[in-house]
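Below: one structure, written as structure tokens.
Please treat every number below as a calculation from the coordinates, not as lab data. In this text the structure is predicted, and so the values were computed from the model without any measurement. All Cβ positions, even for glycine, are placed from backbone atoms using ideal geometry, and neighbour counts span all protein chains on display.
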Amino acid sequence: MKKILLICAVILGFAFNASAQSDQKAEFKFNEEKHDFGKIAQGTPVTTVFEFTNVGTEPLILTEVKPTCGCTIADYTKTPVLKGAKGSIKITYNAAVVSAFNKTIVVTSNAKTPTKYLNIVGEVVAKAPVSSK
């Protein structure tokens with residue numbers, strides 16, 4: 001009976017240790033996960049910066065930041081973001097086509113939530129014609 005209790009205690013100890021270690025990962029906390037540019041003039045690239053804080057205990061490493069469209073360019077913090085430190089993801093949208101848009105940026109990392117989705121939305125409107133008199 002004592003051996004069974006001892007084995008149960010050891011198994012329980014391993015289970016608690018494993019669950020405690022899984023909580024010690026990096027984790028994002030974004031200021032915003034969706035940015036609305038509103039109406040923008042055609043042919044005018046626009047940029048926004050998504051800032052985040054690592055609220056986890058391990059360093060946060062972004063392995064890839066991939067826009068789902070060739071009209072969007074991403075630049076991001078490439079060094080590990082330590083616990084409590086901030087990082088950023090800069091997104092530039094090329095407003096070439098007149099229409100509403102909703103673009104997704106896929107962020108892959110070593111965080112507890114390894115894939116995050118950021119969105120940019122807005123509407124590209126035609127530039128007003130320039131009159132020459």
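What to note about this one:
- Taking label positions 7 Å along the Cα-Cβ direction at both residue 119 and residue 85, the computed distance is 3.2 nm, reported to one decimal.
- Label separation (residue 99 vs residue 57): 4.8 nm, computed from points 7 Å beyond Cα along the C-beta direction.
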